Amino acid sequence: MHVCGSDVTGLQPVTEPGSAATEGRGTKMDASTSRDIVVIAGFVCRFCNMENSLRYVLLVTCSLCAIHSSFMDNSLSTRNTPEWKKLILTHHWPVTVCKMAEQKCEDVPNYWTLHGLWTDKAQMCNKSWPFDYSEIKDILADMNKWWPDVLHPNCTQLWKHEWQKHGTCAASLPCMNTQHKYFSKGLELYTRISLSSALEKSGIKPANTYKVEEIENVILNVYGVIPKIQCIPPQQGEDAQTLGQIEICFTKDFNLQNCTVEPKDELLLTKQMSRKLEASYVDLHVCDKSINTYYPPVQ
């Protein structure tokens, strides 16, 4: 049905007075035809108004459902969270991060920085809970210093990734059930461990080569637990692996505990710590205790 225009079903088009079509009918027929048009147009308008009202009600209802669903997803995020048993405070050495990305980094920190606070056996627990930068504005100074995105300074890319992949799972604990609580807890544990200071005081310093056991024993002596230490395998022309990441583990009550190496990590180690690795291959694996470990300096 065409509401606008002359093509209204069942009606004859209005013609000019005096034409052949109106001859013999006079103006009385013209007035009657006009009334018919007004009546039908009024009906159509009422129908359109009713249809628009129904659409509006449907739109409002869907919006309310979406808001409710989002609230329920966040507040009940733990419902579908896989069971996890420990937290992993992951430090990475900035120089090695840049080497892995084959990127020349500017203003590289000369201390171990936070990579993330991870849960074991759980990732991406609530995809409907996006990272919200505004929730951590009051701790930005500490975040930029101790938990920086080494590859993208002053950006939130790393934090967004860590929240979506790990934070949404850690949120099953009441003390980390908001983004502010999660990132604050990571900073708290990082400060508590103070890894850079512990290594330096024990004589483990950049620009030197060590046995993995030497680094492991320092952490064991200082904290009383065994860490998980990861390296880049020797590249073409290198005779030592490169120190890259150190994980220190906690219970759900934030007590220190040993980090165990999973069997799959040992399998990867056996297969990939070969001197025949291609120069383009750069990735982290559990350090090989049979070869030296190079602790690269900040240039």
message = Restricting to the stretch 116-134, and then to whatever is in a loop (DSSP other than H, G, I, E, B) and more than 13 Å from GLN164 (Cβ to Cβ), can you tell me which residue is least open to solvent (accessible area, probe 1.4 Å)?
response = ASP120
ask   = Of all the residues that make up the stretch 192-214, how many are in contact with a helix residue (DSSP H, G or I) (Cβ under 9 Å, 6 or more places away or on another chain) and closer than 28 Å to TRP84 by Cα?
value = 2
Failed item, numbered, when ALA122 is tested on (1) touching a Ser or Thr at 6+ places or on another chain (Cβ under 9 Å); (2) small (Gly, Ala, Ser); (3) at pLDDT 95 or above; (4) farther than 30 Å from LYS205 by Cα = (3)
ask   = Are any residues in the stretch 231-254 of a type outside the set (Phe, Trp, Tyr), open to solvent by 20 Å² or more (accessible area, probe 1.4 Å) and closer than 14 Å to ILE88 by Cβ, and if so, which ones?
value = THR251, LYS252
ask   = Looking at (1) open to solvent by less than 80 Å² (accessible area, probe 1.4 Å); (2) at pLDDT 95 or above, which is the one condition that is false for LYS137?
value = (1)
key: Search result, residues across the stretch 154-164 that are open to solvent by 10 Å² or more (accessible area, probe 1.4 Å) and either within 25 Å of VAL108 (Cα to Cα) or touching a helix residue (DSSP H, G or I) at 6+ places or on another chain (Cβ under 7 Å) (or both)   = ASN154, CYS155, THR156, GLN157, LEU158, LYS160, HIS161
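Considering every residue within the stretch 102-115, establish whether at least one is part of a helix (DSSP H, G or I), surrounded by fewer than 21 Cβ atoms within 10 Å (Cβ to Cβ) and touching a residue at least 60 places away in the same chain (Cβ under 8 Å). Even if it seems obvious, please write down each step before you answer.
Taking the stretch 102-115 as the starting set, the residues that turn out to be part of a helix (DSSP H, G or I) are none.
Within the stretch 102-115, not a single residue is part of a helix (DSSP H, G or I), surrounded by fewer than 21 Cβ atoms within 10 Å (Cβ to Cβ) and touching a residue at least 60 places away in the same chain (Cβ under 8 Å).
Only one residue in GLY203, GLY224 is within 26 Å of CYS98 (Cβ to Cβ), out of contact with any Lys or Arg (no Cβ under 8 Å at 6 or more places or on another chain) and modelled with pLDDT of 95 or more. Which one?
Values: GLY224 fails: within 26 Å of CYS98 (Cβ to Cβ).
Exactly one residue qualifies, and that residue is GLY203.
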Only one of LEU220, LEU189 that is open to solvent by less than 50 Å² (accessible area, probe 1.4 Å) and within 25 Å of HIS285 (Cβ to Cβ) = LEU189
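The values are calculated or read from the model by the stated rules, or taken from the named source; none is laboratory data. All of these numbers come straight from a predicted model, not from anything done at the bench. Positions of Cβ are backbone-derived with ideal geometry, glycine not excepted, and every protein chain shown enters the neighbour counts. With ligands, DNA and RNA removed, areas are computed over all heavy atoms of the protein, side chains included. Shrake-Rupley method; radii C 1.70, N 1.55, O 1.52, S 1.80 Å.
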